[in-house]
Amino acid sequence: MKIQNWKELATSDLRRTALNLAETALAAIDTRPAVRRAVAWEDSNLRIGEERLARAALRRIFLVTVGKCAGDAAAALEEILGDQLAAGIALDIKPNSSLRKVNILVGTHPLPSAENVAAAHKILDLLRAAGLQADDLVLVVVSGGGSTLLCTDRPAEERGLFQNLTRSGATIQEMNTVRKHLSMLRGGFLAQAAYPAQVRGLIFSDVPGNDIQFIASGPTVADATTIADAEQVLARYGLPPATGWMETPKDPKYFQNVRNLTVVSNAVALQAMAAAAQSAGYAASVVTETLSGEAAAIGRQVLADLKGRPGRTVLLYGGETTVTVRGAGRGGRNLEVALAALPEIGANELILTLATDGHDNGPWSGAICDIITQASANQIHLQPDAFLAGNDSYGFFELVGNYLVTGPTGANVSDIIIALKE
C-alpha cells in the first residue's frame, strides 16, 4: 500500500472504504505501468501511443525525463528501449539508483536552486552536443514539478516570484505563464534545442484541464503566451516586473517534428475510483476533473454537495485549489480543504483529500475529515476556524493526527477529493 499509515487511519468502515479508493487512485496512475502501456516495441516498430515509428528509420534514441515522475519513467523506458537508447538524463526531486544508461540528476522543489540550474544546463548540453538530425528521436517525459526543475537562470528571483504568486492565490496557469518566459527549457525551448530531431513528449498532467502548454511550463509545446502576458500576471497581483524576460520560440519549424501525448491525468484516477466504488455498491460520480478555487471554500462546498445526496454515495473531485495566505501558519491546500469541512461533518459522512504526489506543502499528502477527527479536536479543545484564519492547517493536523503519509509517490496528477456518505 502507498498510504504508509493505512492501518492507523483505518478505524471505521467508512474510513476503510475511503482509504481503499485512495489506494485505487494511486495504483491507476503509477508511473512505470503507465509508461509501459504507452511505449513498446512491436515487431520492427516503436509504438508510442497509437503512433508507430520504424526501428530502421531511427538512427539514435535519446531520453529526457523531468519532474516528480522522472526517475520511475526513466527506469521503465531504459527497460523498454534497451540497447537502442543512446543516452539520457532524468531530472527528479529524488534519487534513483536503478538507472544504468540514464544520468539521474536531483533538484529541489517547490523552490528552484543552483542545483536546478546546473541540472537544467546539463540537459541543454546533452541535446546540443548530440548533433541531432531528423532521423534521431528524443523522448521527453514531462511531469509535475518540472517547471521548478527547469530553471536555467536567476533561481533567487524565481523563488521570490513563486512565493509571492503563491501567497496571492495565483493559479498554476498564471504562475507558469511567468515561468515560461524565464528559462531556456520551458515554453517550447526544449523542442527548439532538440530540433531537427523527432521529439515525442509523454505528458503526465498535473494541471486541471490538461492544457499541455502549462504542464511543467510546456517544454515541448508551442507557447501561445507572450512576455506581455507574463507582465500582466505580475501586474495583476501588484508585483514588480521580472528581469531577464525571454520570448518563447514562435517559429513553427521547431515544432513540425514534435508530437505530444498525454499519458496520465487525474481522469484516470477518478474513473478508477468511480468503478471501484460502484463495484462496492455505491452510487459514484465524478463531479469534476477541473476543480479550482479557494481551498476553504471548496471544502465547505464539497460537504454541502455531500449533504444533499442520499446514503451510499461517493462524490469524486480532481483539480487544484489555491490558498490566499493571510496568516503566518503552516499549511497545505489539501489539509485546508479538509479542515474547512470539519466543523459541520456528519456522523455518516467523510471527506478525504489527497495530493497525488504525496506532498501537500509538507511531508503529508492530505487528511481525513470525519467525526473521528472532529472528536479528536474537541477532546483537546481545538477550534478549526481559528487555525483556518491563520492558514495553519498543518498545525491543526499535527495535533489531532488523521493526516495521510505516503512519501513521494512517483506520480503527480494534481489533487483528489473523495466525499463519502453511508
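Filter segment 240-276 for residues that are more than 26 Å from the chain's Cα centre (by Cα) and surrounded by 16 or more Cβ atoms within 10 Å (Cβ to Cβ) and give the result. Hits for segment 240-276 are Tyr254, Asn257.
Among the residues of segment 378-418, those that are over 18 Å from Gln4 (Cβ atoms) and free of Cβ contacts under 8 Å to residues at least 12 places away in the same chain comprise Asn378, Gln379, His381, Gln383, Ala386. Of the residues making up segment 290-318, those that are surrounded by 21 or more Cβ atoms within 10 Å (Cβ to Cβ) and either under 18 Å from the mean Cα position of the chain (by Cα) or farther than 18 Å from Leu354 by Cβ (or both) are Leu291, Ala295, Leu316, Tyr317, Gly318.
Among the residues of segment 231-252, the one identified as in contact (Cβ under 8 Å) with a residue 40 or more places away in the chain, closer than 18 Å to Gln173 by Cβ and charged (D, E, K, R) is Arg236.
Of the residues making up segment 286-308, one or more are part of a loop (DSSP other than H, G, I, E, B) and in contact with a Gly (Cβ under 6 Å, 6 or more places away or on another chain). Looking across segment 353-379, the residues that are under 15 Å from Glu336 (Cα atoms) and assigned to a loop (DSSP other than H, G, I, E, B) come down to His359, Asp360, Asn361, Gly362, Pro363, Trp364, Ser365, Asp370.
For the condition assigned by TED's automatic domain parsing to the domain that holds Arg333, at positive phi and under 29 Å from the mean Cα position of the chain (by Cα), Gly395 does not qualify. Does any residue of segment 299-316 turn out to be of a type in the set (Ser, Thr, Tyr), touching a residue at least 12 places away in the same chain (Cβ under 8 Å) and within 16 Å of Ala419 (Cβ to Cβ)? So far as segment 299-316 goes, yes, one or more of its residues are of a type in the set (Ser, Thr, Tyr), touching a residue at least 12 places away in the same chain (Cβ under 8 Å) and within 16 Å of Ala419 (Cβ to Cβ).
Among the residues of segment 391-407, are any in contact with a Phe, Trp or Tyr (Cβ under 8 Å, 6 or more places away or on another chain), hydrophobic (A, V, I, L, M, F, W, C), part of a strand (DSSP E or B) and farther than 19 Å from Val325 by Cβ? Within segment 391-407 (the criterion being in contact with a Phe, Trp or Tyr (Cβ under 8 Å, 6 or more places away or on another chain), hydrophobic (A, V, I, L, M, F, W, C), part of a strand (DSSP E or B) and farther than 19 Å from Val325 by Cβ), the answer is yes, since at least one residue qualifies.
Evaluated against (1) in a helix (DSSP H, G or I); (2) of a type in the set (Val, Ile, Thr); (3) within 18 Å of Ser292 (Cβ to Cβ), Val325 falls short on exactly one condition, (1). Quick check, is Ile368 under 28 Å from the mean Cα position of the chain (by Cα), touching a residue at least 40 places away in the same chain (Cβ under 8 Å) and closer than 17 Å to Gly346 by Cα? Yes; evaluated as a whole, the condition is true for this residue. Number of residues in segment 3-58 that are surrounded by 15 or more Cβ atoms within 10 Å (Cβ to Cβ) and among the acidic types (Asp, Glu): the value is 2.
Any residue at all in segment 215-228 that's in a loop (DSSP other than H, G, I, E, B), within 22 Å of Gln256 (Cα to Cα) and touching a Cys at 6+ places or on another chain (Cβ under 7 Å)? Within segment 215-228 (the criterion being in a loop (DSSP other than H, G, I, E, B), within 22 Å of Gln256 (Cα to Cα) and touching a Cys at 6+ places or on another chain (Cβ under 7 Å)), the answer is no, since none of the residues qualifies. Looking across segment 200-238, the residues that are under 22 Å from the mean Cα position of the chain (by Cα) and charged (D, E, K, R) come down to Arg200, Asp206, Asp211, Asp223. Would you call Gly332 buried (at least 16 other Cβ atoms within 10 Å of the Cβ) and either modelled with pLDDT under 95 or in contact with a Gly (Cβ under 9 Å, 6 or more places away or on another chain) (or both)? Spelling it out, Gly332 is indeed buried (at least 16 other Cβ atoms within 10 Å of the Cβ) and either modelled with pLDDT under 95 or in contact with a Gly (Cβ under 9 Å, 6 or more places away or on another chain) (or both).
Would it be correct to say that Lys94 is touching a residue at least 24 places away in the same chain (Cβ under 8 Å) and under 18 Å from the mean Cα position of the chain (by Cα)? So Lys94 passes the test.
Restricting segment 357-381 to residues that are surrounded by fewer than 16 Cβ atoms within 10 Å (Cβ to Cβ) and at pLDDT 95 or above, the residue that is farthest from Leu9 (Cα to Cα) is His381. Residues considered: Ala191, Ala275, Ala267. Of these, the only one that is small (Gly, Ala, Ser), free of Cβ contacts under 8 Å to residues at least 24 places away in the same chain and not in a loop (DSSP other than H, G, I, E, B) is Ala275. Counting the residues of segment 328-352 that are assigned to a loop (DSSP other than H, G, I, E, B) and either of a type in the set (A, V, I, L, M, F, W, C) or not assigned by TED's automatic domain parsing to the domain that holds Tyr394 (or both) gives 3.
The values are calculated or read from the model by the stated rules, or taken from the named source; none is laboratory data. Given the structure is predicted, the values throughout are model-derived calculations rather than measurements. Neighbour counts are summed over all protein chains in view; Cβ atoms, including those assigned to glycine, are modelled from backbone coordinates with ideal geometry.
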